[in-house]
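> Sharing a structure below in structure tokens format, with a few things to ask.
The numbers here are math on the coordinates, done by the rules we state, and not lab data. Just so you know, these numbers come straight off a predicted model, no measurement behind them. Using ideal geometry, Cβ is built from the backbone for each residue, glycine included, and neighbour counts are taken over all protein chains shown.
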Amino acid sequence: MNIKQDILQRASHVTYIVIVLAACVIGRLVYVQYFQTFKGKFWRDRVAAAVIQRDTIRAMRGNIYASDGSLLATSLPTYVVGLDPTVAKPDYFTKKVDSLGILLSRIFRDRSAQDYADMVRDARARKRRYVLLNRRRVTFQERQMMIKWPFFRSSVKVAARGGVLRPHYERYHPFGNMAKRTIGDLDAKTGRGLIGLEASFQQRLAGKNAVGLVEVLAGGIRKPVNDGPDMKPESGMDLYTTIDVNFQDMAETALRSALEKYNAAKGCVIVMEVATGEIKAMANLTRKKDQYVENFNHALAGRTDPGSTFKLATMMALMEEKAISLDQMVATGGGSMTYNGLGIHDAKRGGAGTITARQVFEKSSNVGTHLLMRSYFYKRPDLYCQYLRRFRLTQPTGIHMKGEATPVVRNPDMKGWSKVSLTSMSYGYEMQITPLQMLTFYNAVANDGKWVRPMIVKQIKKAEEVVEEFKPYVVPEPICSRETARKARELLRGVVKKGTARHIDNPYYTIAGKTGTAQKIINGRYQVGKYYTSFIGYFPADRPKYSCITVVDSPQGDNIDLLYAGAVAAPVFREVADRIVAYDVRMHAPIRPGSQQPSSSDGLLAGYSDDLHTISAVLNLKSEPSTEGWVEATPAGRWKSRPTRTDRVPDVRGLTLRDALFLLENRGLRVAVEGQGKVKNQSLEPGAQLVANTPITLTLN
């Protein structure tokens, strides 16, 4: 035998030995796990029972409320259903286990009652300290039923006999995706807030988790080892926001409609209360494939060149310096010129010729703005930039919400400042500002120069206790003089009365504001036909209640002239404002007492006196019934009693259908109805003898 064969033979022997040893080890492991017992208990059960770990039980997250108390976000509990079958005494267990099986079978509907009862008996026989009764979690309503079941029922004197209902919380938004980016969302794994208010107030909303010992069971199920104080989490606090769900719905509906009409890339709408800075609505939509979704907060973080809406700051700086008169003439020529190599063009082809400084703003002339700036600030760039700082356009608003972008506004000390930077800045280019920051500036103008910080959370509560309250913050020093603020409001009203937004003017309430159309930068160059359109304003113009900004980014269409802000963003503002004015009765003039008399289209008005008293009190009506029961109006505008004998057909003419049905059906008549409105005629003569079950037809009008 040569050396090679000898080596191969030895190797084969070693291989056989290793295989035999491996088989023995595997066989021993199988025996130990499935057949060997120690003190009457299988090893696999003993090991499973010994897996004890420290675990975190998440607290119930606090709720987020709208301004009217409507829920914007809440945590709904579901419960893992388990049982420690060793807790109950033998007599109780034997007596109640079959009943438990029946109840489990009814609620889960996946096994028979006998199967459930046998599963619990087997777990008790094996002395298992916990058995998962079903992998489906039960709802809160189901839990309320289960805590009355055997093994789960408890009282002050008697604890539950082994039943365990461990909560798990899932975030729920009752209004769906409404204001989703503002409200925010949670990380599915950690339960921490990712964006919006959920992230901004994470610590307050999250509460205090509980940490204690749990038994880790098959499938990762965790059962608390004890129910001590350390295993009871502390619920989070509640946020009470300034969001009005009705305003939010109005804003989102109007914005979505405009984005779909122009197949735009994205947009946003913010509605703010002028005096307090309270954000009433913040809508953000972005096109994703064939639908619009809230996946980015453009209002808070979407920086861009604001365009012509920035001209208000330029005009106010000039007026503060008394460098211009609004009635001075400005020769804009053909609406196009060049300055230091920079082309300056007006949107209106052919230009506006010689116009007043007021008309420069109303018609949004870039050339006119440049000429007004050149007459004063081109030699004083630092002074112009000081005014921008005074107007608070160079810093974040400080809203109590994470994610606000810091504005980028050039100054002579910054890298990139050029000989035409001031020119571009004067009409809204070479800067990056968010919609919220621009709206807050306009809001200050509407508020007579008083700058108010935007606020979106009013209170933080723990149950009914107010833990923290946020008050409106007004900067002590106004951003401009009262005279400048007054003139600025005149300019903004002029834009809507006879300028670039005149088509949104209306006879019912007044609007003031400014359009802004900024060319977008694509591949480092401004592109004609690619626009960021916006309208910023407030209403009513004579008594500003709300300020609002509407943004439609990258609208598309065949006619470029119809893609400017006046045609795209301003109508969105008007739609939102119309709906708010119609909804907010506080904006309407009160009804003068004594100016109304009861009337009806057919000369007949009737009703129940208690109802009429309530209506008269609320609406300040002069004439109220002086009698009780059913009444009708006389031609002189007074009320008289209407007899309603129980044995006679009642007179229901002039009544609402609800009142007529009440009277007729309570007397046993079968009622048929034709038309809509109030009762005009009835087929049975009023006062006729009443016969039960007789049909009667009411004609409504």
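> Above 32 angstrom, tally the Cα pairs of segment 248-585 and express them as a % of all pairs, no decimals.
Percentage above 32 Å: 24.
> Moving to a separate point now. For Ile522 and Tyr508 in the same chain, what is the full-extension length gain: residue separation times 0.36 nm, less their Cα-Cα distance, in nm?
Full-extension gain reported as 0.9 nm.
> Ranked by Cβ crowding within 10 angstrom, fewest neighbours first, how are Met337, Met145 ordered?
Fewest-to-most ranking of Met337, Met145: Met145, Met337.
> Something else about it: Ranking request for peptides 681-694, 77-90: highest mean number of other beta-carbon atoms within 10 Å first, then the rest in descending order.
Ranked from most to least packed, the peptides come out as 77-90, 681-694.
> Once you place label points 7 Å from the Cα toward the Cβ at Arg135 and Gln386, how far apart are they in nm?
7.3 nm
> Where a Cα-Cα gap under 22 Å defines reach, which lysines qualify for Lys157, not counting those fewer than 8 residues away within the same chain?
Cα-Cα hits under 22 Å: Lys89, Lys95, Lys96, Lys148, Lys232.
> Would you mind computing, in nm to one decimal, how far apart the modelled labels at Glu465 and Asn340 are, each placed 7 Å from Cα along Cα→Cβ?
Distance between label points: 6.2 nm.
> Among 112-121, 151-160, what's the highest-first ranking by average C-beta atoms within 10 angstrom per residue?
Descending packing order for the listed peptides: 112-121, 151-160.
> Now a separate question. Quote the FRET efficiency, to the nearest 0.05, computed for Asp187 versus Val156 with a Förster distance R0 of 51 Å and r equal to the Cβ-Cβ distance.
For R0 = 51 Å, the calculated efficiency reads 0.80.
> According to a simple spin-label model (label point 7 Å from Cα along Cα-to-Cβ), what is the distance in nm between Ser70 and Asn295?
So the two model labels end up 2.7 nm from each other.
> Taking the Cα atoms of segment 643-701, what is the range of coordinates along each of the three principal axes, in descending order and whole Å?
Sorted from largest, the Cα extents of segment 643-701 read 28, 21, 17 Å.
> Another question about this same structure. So, by mean Cβ neighbours within 10 angstrom, what's the order for 520-527, 180-187 with the highest one leading?
Averaged packing, sorted descending, gives the order 180-187, 520-527.
> Students often get this wrong: which residues of segment 259-289 have the backbone nitrogen under 20 Å from the point 7 angstrom along Cα-to-C-beta of Leu562?
Backbone N within reach: 259-266.
> Amide H of Lys458 versus every other amide H placed in the peptide plane: which residues, excluding those fewer than 5 positions away on the same chain, fall under 5 Å?
Under 5 Å from the amide H of Lys458: Tyr240, Thr241, Thr242.
> Next up: On a full-extension model of 0.36 nm per residue, what is the gain between Met414 and Glu665, subtracting their alpha-carbon distance, rounded to one decimal in nm?
Working it through step by step, the gained length comes to 82.1 nm.
> With the Cα gyration tensor of the chain in hand, convert its eigenvalues to equivalent ellipsoid semi-axes via √(5λ) and list them largest first in whole Å.
63, 50, 23
> Using 0.36 nm per residue of separation minus the Cα-Cα distance, give me the extension gain between Ser616 and Lys379 in nm, one decimal.
Taking 0.36 nm per residue and subtracting the Cα distance, the gain is 78.6 nm.
> Quick check on segment 53-241: take the gyration tensor over C-alpha atoms, sort the square-rooted eigenvalues as a ≥ b ≥ c, and tell me if it's rounded (a/c under 1.5), prolate or oblate.
Note, shape of segment 53-241 comes out prolate.
> Where does each of Met316, Met272, Met587 land when they are ranked from fewest to most other beta-carbon atoms within 10 angstrom?
Met587, Met316, Met272
> By how many degrees, 0 to 90 and rounded to 10, does the Cα axis of helix 565-583 deviate from the longest principal axis of the chain?
So the helix axis and the longest Cα principal axis differ by about 70 degrees.
> Filter the GluC sites (Glu not before Pro) in segment 605-701 to those in DSSP coil with at most 14 other Cβ atoms within 10 Å of their Cβ, and list the result.
Glu628
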